[in-house]
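The values are calculated or read from the model by the stated rules, or taken from the named source; none is laboratory data. What you are looking at is a predicted structure, and each value in this text was computed from that prediction instead of being measured. Because the Cβ atoms are built from the backbone with ideal geometry, glycine has one as well, and the counts that use them run over all protein chains shown.
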Amino acid sequence: MSEEPRFPAGLPARDRRVGGQVQGAIKQLILDSRLGPGDPLPTEAELMDALGVSRNSVREALKGLQALDIVEIRHGYGTYVGQASLTPLVDGLTFRTLARHEDAHALGEILQIREVLEEGLIRRVATALGEPELDALEDLVERMAEAGRAGRPFPELDRAFHELLYRPLGNTLVAQLLGAFWNVFHRVALAQDWTEDPSPERTVRRHRDIVTALRARDVAAAQRAMADHFRGIEARAVRATRGVG
């Protein structure tokens, strides 16, 4: 017989109806019961009985946890453990950056965090990249160049380049974090209408410099090339935010 889900004990009666307390109890249930993404949670009635709270308290707590992607509510089917993705982080950072519309450095702060991550990670990946990966990166750079010559923007090729660059590390959190910062950056860029790259040739050259340094197994040069790449993006972000060409 399967073990019944365990609920955290010791919630003070006067605090049981506080939304944060109910959310905390449900999160502890997920951890204690060792539930994973996609696993079903107890029904509303079971949660009400176990936690000693009203249906409204349970529903409000579940809605809050759904916003954090900790649970997934499938109407007509039940409630399941969510993916705990970084979507709430992306939404929060996007709003934070857009809300500071008069601050020319708001978007630059996002770029600086991503830059710190990538400059540190490129040292690790320099020895992990094999010839097939380097060939694939070079192919992406050539496709960027072709798009630039044709006057087409290539943000998805740029994103693919950075995703492929760190894939050999086998670190899913790295991919999720970099993807989160990428999504924030491009949501803000789209909202501020400056998605067109005024110097696609320079962007292509900076990516090519990264690949060249990695082929030579020159970690310092790869870090410098990555830093140059971000310097260019940051300068472009500041100019666009200030309304300068």
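Annotations for the structure displayed:
- Any chance Arg149 is over 21 Å from Thr97 (Cβ atoms) and either among the hydroxyl-bearing types (Ser, Thr, Tyr) or at pLDDT 90 or above (or both): yes
- When region 1-52 is limited to residues that are among the hydrophobic types (A, V, I, L, M, F, W, C), in a loop (DSSP other than H, G, I, E, B) and exposed (fewer than 15 other Cβ atoms within 10 Å of the Cβ), the one that is modelled with the highest pLDDT turns out to be Ala9.
- Qualifying residue in region 94-116 (condition: of a type in the set (S, T, N, Q), under 30 Å from Ile26 (Cα atoms) and surrounded by 17 or more Cβ atoms within 10 Å (Cβ to Cβ)): yes
- Filtered by the rule that a residue be exposed (fewer than 14 other Cβ atoms within 10 Å of the Cβ) and on the phi > 0 side of the Ramachandran plot, region 53-77 gives a lone residue, Gly76.
- Flag not set for Phe95, criterion: modelled with pLDDT under 85 and aromatic (Phe, Trp, Tyr).
- Residues of region 64-79 satisfying the condition of being in a strand (DSSP E or B) and within 12 Å of Pro37 (Cα to Cα): Val71, Glu72, Thr79
- Of note, Thr172 satisfies the criterion of being within 16 Å of the chain's Cα centre (by Cα) and either surrounded by 17 or more Cβ atoms within 10 Å (Cβ to Cβ) or at pLDDT below 90 (or both).
- Among the criteria (1) at positive phi; (2) surrounded by 15 or more Cβ atoms within 10 Å (Cβ to Cβ); (3) not aliphatic (A, V, I, L, M), the one Thr87 does not fulfil is (1).
- Filtered by the rule that a residue be crowded, with 19+ Cβ neighbours inside 10 Å and more than 14 Å from His229 (Cβ to Cβ), region 158-169 gives a lone residue, Tyr166.
- 2 or more residues of a type in the set (Val, Ile, Thr) and assigned by TED's automatic domain parsing to the domain that holds Ala222: qualifying helices (runs of 4 or more DSSP H) within region 80-173: 87-99, 106-125
- The residues of region 91-127 that are within 19 Å of Asp158 (Cα to Cα) and among the hydrophobic types (A, V, I, L, M, F, W, C), listed by number, are Leu107, Ile110, Leu111, Ile113, Val116, Leu117, Leu121, Ile122, Val125, Ala126.
- The one condition in (1) in contact with a Gly (Cβ under 8 Å, 6 or more places away or on another chain); (2) over 22 Å from Asp218 (Cα atoms); (3) without any contact (Cβ under 8 Å) to a residue 24 or more places away in the chain that Glu163 fails to fulfil: (2)
- A single member of Val238, Val141, Val219, Val204 is touching a helix residue (DSSP H, G or I) at 6+ places or on another chain (Cβ under 9 Å), aliphatic (A, V, I, L, M) and modelled with pLDDT under 85, and it is Val238.
Condition check ((1) small (Gly, Ala, Ser); (2) free of Cβ contacts under 8 Å to residues at least 24 places away in the same chain) across all residues:
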site: Leu86; (1), (2): no, no
site: Gly92; (1), (2): yes, yes
site: Leu98; (1), (2): no, no
site: Glu109; (1), (2): no, yes
site: Leu117; (1), (2): no, no
site: Gly130; (1), (2): yes, no
site: Asp135; (1), (2): no, yes
site: Asp139; (1), (2): no, yes
